[in-house]
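A.B. asks: I am attaching a structure below and will ask some questions about it afterwards.
The values are calculated or read from the model by the stated rules, or taken from the named source; none is laboratory data. Predicted, not measured: the structure shown is a model, and the values here were computed from it. Counting neighbours? That spans all protein chains shown, and the Cβs are built from the backbone with ideal geometry, glycine included. We work out accessible area using only protein heavy atoms, side chains counted, and drop any ligands, DNA or RNA first. Shrake-Rupley method; radii C 1.70, N 1.55, O 1.52, S 1.80 Å.
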Amino acid sequence: MCSVTEDGVQYSFALEYTGPPVGYDIPRAVPINVNNIPVAAVVPHINFQQNITLPVVKPLLPSSDPSKNPKSVNTGKNPGKDCGSEEAAITVSPTSVIERAVDHNLQECVFSSELSSSGLSNDAGTSSSTNSFDDKSRDESLLKLRVSNELSSNRDWESNESVSSVDVDDEYPSSRVSSVKVSNNEVHGEGRKAPVVTFRDIESNDDGGDIDDGFGGNEGFFEEEERVLRIKPEARSKGKKGSCYRCFKGSRFTEKEVCLVCDAKYCINCVLRAMGSMPEGRKCVTCIGFPIDESKRGSLGKCSRMLKRLLNNLEVRQIMKAEELCEANQLPPEYVNVNGEPLCHEELVVLQTCSNPPKKMKPGNYWYDKVSGLWGKAGQKPSQIISPHLNVGGPIKANASNGNTQVFMNGREITKVELRMLQLAGVQCAGNPHFWVNEDGSYQEEGQKNTKGYIWGKAGMKLVCAFLSLPVPSKPSDSCGEQVNSLISRSIPDYLEQRTLLKLLLVGHSGSGTSTIFKQAKILYKPVPFTEDERENIKLTIQSNVYGYLGILLEGRDRFEEESLTAVTKEQSTDETEHIALMNSLQLQNVLKPLTTYNVKVGSTSNTNHQTIYSIGPRLKAFSDWLLKTMVSGNLEAIFPAATREYAPLVEELLKDEAIQATYKRRNELEMLPSVSSYFLERAVDILRTDYEPSDLDILCAEGVTSSNGLACLDFSYPQSASDDNYDTEDQHDALLRYQLISVHSRGLGENCKWLEMFEDVGMVIFCVAMNDYDQYTVDGNGLSTNKMLLSRKFFESIVTHPTFEQMDFLLILNKFDLFEEKIERVPLTQCEWFDDFHPVISSHRSNSNSNSINTSPSLGQLGAHYMAVKFKRLYSLLSGRKLYASVVKGLEPDSVDAALKYAREIMKWDEEKPNFSLSEYSMYSTEASSYSP
Ligand SMILES: Nc1nc2c(ncn2[C@@H]2O[C@H](COP(=O)(O)OP(=O)(O)OP(=O)(O)O)[C@@H](O)[C@H]2O)c(=O)[nH]1
Ligand SMILES: [Ca+2]
């Protein structure tokens, strides 16, 4: 079927299948011979009530009030005349009538299911050809039928249920009324006047009471012009649980599309038949015109993968647009309460059409500060700043956001987070002040005239607000926003723009590699990971780091020299003279106060005898001492790397010096020296050049590159990778979904993680652990030394049990697998007391590294990783009763981090789709989804 849209774009709705024959039955629409259609031609004057086996309703007189006589629908039976000439209402179960039509040769107003389905497809063609996604364009000349859901979707009945109309009722009490349009031409042939025939479902045959229960008092459900009952359909499948509502095939795991109104679920083969052209988005044809299920409002306009597979981009876009914008799907105004008052239609329109409307509005209670434009859910901190001065809702209440700070803003007691924000903005908040804050952020204390400042004016406030998940005013022309953001949003169609930003919180104890993963994400997902400025800063950071490592080496050299001298002294003290002992003590002093006693050392006659391999020459010694002094005084950053050019030759000489080389060999004994230092020290000479340009790996390995304040945000979307093409499901839309990776330092979370509550709106927590920490110790302020893995565990526990994250998904990243793999061969995992029951069974062939046969037995590293994951999973389950997702990662390898972050996306995606599964289905599924991904 070819159609032309308003824009003149031609597109085909369905293509003829030209492939090889298929081995299964294809549902088909039986062609209709117009002449053979059993039309309700002449209705003889039959007393239907006497014909008890025929499921009929009593005719409803045009004057009768349908609400008072709900079992009757409008009808205009006119004996002796063509049934098309007047309105007629007959209650039929479609099949039952078909059978009866055959049995009794009745010429009734009967429609077979084939007819209805051909009517449907015609409808689809009609509406797409006129681009009639709005109600208006529904052609009046169409024969209006009200048939049951079952008729069109073949959903809930079986053809042998000819007489069991009552059963159907009982089982499907609310899938009753719906509308299907059938082209006049197809039904009646040309030349006939379009009649309006309104059918009601079988239950009209029922007697009184039941129906009143179903419809009683619901005048609102009657559409006056058409006088047709409008009860929101509700679907239940007759097939086995989880199967498609139309063909009854498939299981709960089959991908399905859900009707926004009645929750009927259709498989990929049935969805287009059941939903037709979707003029109001994803609704069964029979649900068109009905309000959506409010719990599904969040998914309006968010296209499923299934539709994207079935339809082309243009079609998908139009359907999604219609879904979001069509009248029937709009939020009922009375569902929105602002400052305690339900909105009327005009208010809702004002709210939605203002220049800066609330995003993602759902039914609910909101507060609105008309002066500043702050907007939030009742009892919560502000979520957005919308257009101010809108005349909607009542006056704001002091407890609107449930604040308890005794600080007031435009009459509302603000929340703790806002107070924190004000403090960071430099607003004086002592003495329970009442502020008057305008939409531009200017504020004054109540009763005073002077503007004291601008809340959002201060540099860095945007980041602070992002950190605290507080809104900032958005400029009308939001062109100055973050580069990447605006780039992306420009290519997103309007209706996608207001999508949720999915936030991922990345945390880990210091040294766990969180910064590395953050940087890796930046490199992976940003077209330009670092700006020129950033690169320059990174370069300086790396160079300072190298000087830092050098300093640690020099310090170590001092120590080693001292130690070896002491050892020599002890050896010699038995047979050496006092003079030598004296000289040695001098030598010791040299070590301790090198600069001042320098000459003594040089002048000493026995100097050469008491050199150790850790001793360096005078020039280098002087440089070394100076460097150490500078480091201790904390001036390193100020002097380096500006002085790089001057000192580069000295550094080069120093690094080549045997004493330094010897020290470097013992670097494992230097606790202060991070393992990554060797990566840089080995290339120190190159790095310290002025023309050095850090590589991606350099940046990844460099400490201190990100987040001086402990917080870093990265807005990104997962790019479409080549491998994704395998599943064409992952198309554009997923690529356009926006994510935000927020990385926080454990120390940035404050005591007892008190700042964690700022992150209540994140979608998931990614917790990072360095696997190779199991034998590492840190010494705290009290001189107590604690295993780093246990520290990580403690931190993990406090985050998992934090009230903010009660229902949060957690992904554990077991990081630095490369280092772990190597370490576990040398150091038993049982070094850490938490892992004392690790007793791997290792195949005896394992050690044969030369064997080129495929070694299927896992390595010790893999066993250890698995064991560690299980340990954390058990702990998590104990703490939260839920499943922990886990992923083993090598932070320095892009692919590894990419896989882990995509895994995170899958978990969130699953979270989104979870509601489409029933509870029992979910619990089954979750067992699978939480599997361990190595
Ligand atoms: N070999 C190896 N090194 C890693 C891996 N992940 C991180 N590192 C290194 O480990 C060091 C510490 O990692 P960081 O990213 O600084 O982790 P962090 O200390 O938690 O983060 P910050 O406290 O923000 O610096 C860095 O030098 C990284 O280069 C990994 O998977 N393998
Ligand atoms: Ca670090």
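A.B. asks: Quick one: net charge of W834's neighbours, Cβ under 13 Å, K/R +1, D/E -1?
C.D. replies: Charge balance in the 13 Å sphere: -1.
A.B. asks: Could I have the simple spin-label model distance between V827 and S355, label points 7 Å from Cα toward Cβ, reported in nm to one decimal?
C.D. replies: The two pseudo-label positions are separated by 6.1 nm.
A.B. asks: So which of K794/K902; K240/K308; K370/K462; K308/K370; K462/K519; K265/K526 end up more than 30 Å apart by C-alpha?
C.D. replies: K308/K370; K265/K526
A.B. asks: Among V417, G431, P473, flag the residue with its Cα farthest along the positive direction of the charge dipole of the stretch 338-491, charges on Cβ as +1 for Lys/Arg and -1 for Asp/Glu.
C.D. replies: Positive-end residue among those listed: V417.
A.B. asks: Turning to a different aspect of this structure: Return the FRET efficiency for the residue pair Q448, T786: r is the Cβ-Cβ distance, R0 is 51 Å, and the value is rounded to the nearest 0.05.
C.D. replies: 0.45
A.B. asks: What's the extension gain from E534 to V685 if we count 0.36 nm per residue and subtract their Cα-Cα distance?
C.D. replies: 52.2 nm
A.B. asks: Would you tell me the accessible area of H434, worked out with a 1.4 angstrom probe on the heavy atoms of the protein chains, in Å² to the nearest 10?
C.D. replies: We get 70 Å² for H434.
A.B. asks: So, with a 1.4 angstrom probe, what is the percent of accessible area on the stretch 257-329 that is carbon and sulfur?
C.D. replies: 49 percent
A.B. asks: Still on this model: Spin-label point model (7 Å from Cα, Cβ direction): what's the E346 to E334 distance in nm?
C.D. replies: Roughly 1.8 nm, to one decimal.
A.B. asks: Another one. Quick one: of the DSSP bridges fully inside the stretch 751-903, what percent are antiparallel, nearest 5?
C.D. replies: Taking every DSSP beta bridge within the stretch 751-903, about 20 percent pair in antiparallel fashion.
A.B. asks: Kindly rank 645-657, 860-872 from highest to lowest mean number of other beta carbons found within 10 Å of each residue.
C.D. replies: Averaged packing, sorted descending, gives the order 860-872, 645-657.
A.B. asks: Starting from the exponent 0.38 and prefactor 2.2 Å, build the expected Rg for the stretch 257-329 from its residue count and divide its actual Cα Rg by it.
C.D. replies: Dividing the Cα radius of gyration by 2.2 N^0.38 Å gives 0.95.
A.B. asks: A follow-up question, please. Give me the percent of the accessible area of the stretch 338-491 that comes from carbon and sulfur atoms, probe 1.4 Å, all protein chains in place.
C.D. replies: 51 percent
A.B. asks: Ok, one more. Just to confirm, what accessible area per residue do you get for the stretch 338-491 at 1.4 Å probe, in whole Å²?
C.D. replies: Normalised by residue count, the accessible surface of the stretch 338-491 is 51 Å².
A.B. asks: If you don't mind, there's one more thing I want to ask. Quick check: with the 1.4 Å probe, what order do W456, W626 take by accessible area, largest first?
C.D. replies: Largest to smallest exposure gives the sequence W626, W456.
A.B. asks: Also, I was wondering about something else. For L650 and D25, what does the FRET efficiency come to when R0 = 60 Å and r is the distance between their Cβ atoms, rounded to the nearest 0.05?
C.D. replies: 0.10
A.B. asks: So, one more: Can you check what the net charge comes to around R535, using other residues whose Cβ is under 14 Å from the Cβ of R535 (Lys, Arg +1; Asp, Glu -1)?
C.D. replies: Once all neighbours under 14 Å are counted, the net charge is -4.
A.B. asks: Hey, could you pull the Cα Rg and Dmax for the stretch 338-491, both in Å?
C.D. replies: 15.5, 49
A.B. asks: Ok, one more. Obtain the nm distance between the two label points defined at R882 and R667 by a simple spin-label model: each point lies 7 Å from its Cα along the Cα-to-C-beta direction.
C.D. replies: For the pair R882/R667, the computed spacing is 4.2 nm.
A.B. asks: Can you figure out the FRET efficiency of K238 with N313, using R₀ = 45 Å and their beta-carbon distance, to the nearest 0.05?
C.D. replies: 0.80
A.B. asks: By how many nm would the segment from A430 to E797 grow when fully extended, if each residue of separation counts as 0.36 nm and the alpha-carbon distance is taken off?
C.D. replies: That works out to 128.6 nm of additional length.
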